[in-house]
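Some notes on the structure that comes next.
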Amino acid sequence: MTLNELRPGEKGVVEKLETEGSMRRRLQDIGVISGTELECVGRSPGGDPAAYFIKGAVIALRDEDSRGVHLKANGSLGGGV
């Protein structure tokens, strides 16, 4: 499962990053590293970008960028709001 597949209210835990270059560095700088818990808090009306709660901050990411963030298979910690 990848980050862009989370629906609002769902949580996941980062397993690995499959992005390169400056986007990889940016994601790491905001705390998207292995073992980090993330929550999708909402999506724009068109569905892209989505907002995620990461280590105390809400960050908007485009689907293109969030596809490279892989979540643990059992990373879904429960859905619903």
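Every residue, every condition in (1) surrounded by 14 or more Cβ atoms within 10 Å (Cβ to Cβ); (2) free of Cβ contacts under 8 Å to residues at least 60 places away in the same chain; (3) part of a strand (DSSP E or B); (4) out of contact with any Pro (no Cβ under 9 Å at 6 or more places or on another chain), yes or no:
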position	(1), (2), (3), (4)
N4	yes, no, no, yes
K16	no, yes, yes, yes
L27	yes, yes, no, yes
F53	yes, yes, yes, yes
D65	yes, yes, no, no
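Could you count how many residues in segment 1-48 are out of contact with any strand residue (DSSP E or B) (no Cβ under 8 Å at 6 or more places or on another chain) and farther than 13 Å from G68 by Cβ?
Total meeting the criteria: 5.
State whether one or more residues within segment 41-51 are surrounded by 15 or more Cβ atoms within 10 Å (Cβ to Cβ), closer than 15 Å to V13 by Cβ and at pLDDT 90 or above.
no
The values are calculated or read from the model by the stated rules, or taken from the named source; none is laboratory data. Note that this is a predicted model, so its numbers are computed, not measured. So basically every Cβ, Gly included, is an ideal-geometry build from the backbone, and we count neighbours across all protein chains shown.
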